[in-house]
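Since every read-out is calculated from the coordinates, none of them should be taken as a lab result. Remember, it's a predicted structure, so these values are computed and weren't measured experimentally. All Cβ positions, even for glycine, are placed from backbone atoms using ideal geometry, and neighbour counts span all protein chains on display.
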């Protein structure tokens, strides 16, 4: 399977992603998942997990428009 790494099809290909690519190619079994990692389910999860914050103004706008 072809990947974006094969095509250098990522932002600023000659910099940090190129280094990431080299590490992944030399150690394909590397696992960046932590014990606390969770599967993304829906946007509300980001708010509940405190990974995203919504201002009261935005919440008010949403409640009036949706």
Packing-based ranking, highest mean first, of 28-37, 44-53, 57-66, 15-24 given that Cβ atoms within 10 Å are counted: 15-24, 44-53, 57-66, 28-37
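When the chain is fully extended, how far beyond the present Cα-Cα distance does residue 26 get from residue 47, taking 0.36 nm per residue of separation? Don't skip to the answer; put the middle values down first.
Working: separation 21, 0.36 × 21 = 7.56 nm, distance 3.67 nm.
Full extension from residue 26 to residue 47 adds 3.9 nm.
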